[in-house]
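Have a look at the structure below before the remarks.
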Amino acid sequence: MANKNQLRHRTKLLALRIIKLVEALPRSRTADVIGKQILRSATSVGANYRASVRAKSTADMINKLK
């Protein structure tokens, strides 16, 4: 598997694992708040990676990965 596809696959797996983790958290106000934040953080990894793939230059790609 090419590095590009491998990273894409790994970011997707991360998001899916975090979704399962958040679903398994106990139902409480604290767990809901923390779970939502973890979910946003994990799914943004894939979004940031996909944005970097569409970058127009190397500098733009690096900036999107920060």
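The values are calculated or read from the model by the stated rules, or taken from the named source; none is laboratory data. A quick note: this is a predicted structure, and the numbers were derived from the prediction, not measured. Because the Cβ atoms are built from the backbone with ideal geometry, glycine has one as well, and the counts that use them run over all protein chains shown.
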**OP:** From the list A59, A55, pick out the single residue that is over 16 Å from the mean Cα position of the chain (by Cα) and not in a helix (DSSP H, G or I).
**Re:** A55
**OP:** Have a look at N48, N3 and point out the one that is surrounded by 13 or more Cβ atoms within 10 Å (Cβ to Cβ), out of contact with any Leu (no Cβ under 6 Å at 6 or more places or on another chain) and modelled with pLDDT under 95.
**Re:** N48
Original post:
Do we have any residue at all in the stretch 24-37 that's out of contact with any Phe, Trp or Tyr (no Cβ under 8 Å at 6 or more places or on another chain), in a loop (DSSP other than H, G, I, E, B), loosely packed, with under 14 Cβ neighbours inside 10 Å and of a type in the set (D, E, K, R)?
Top reply: yes
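Residues are listed down the side, and each one gets a yes or a no for (1) among the charged types (D, E, K, R); (2) farther than 21 Å from H9 by Cβ:
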{"residue": "P26", "(1), (2)": "no, yes"}
{"residue": "D32", "(1), (2)": "yes, yes"}
{"residue": "K36", "(1), (2)": "yes, yes"}
{"residue": "A42", "(1), (2)": "no, no"}
{"residue": "G46", "(1), (2)": "no, no"}
{"residue": "K64", "(1), (2)": "yes, no"}
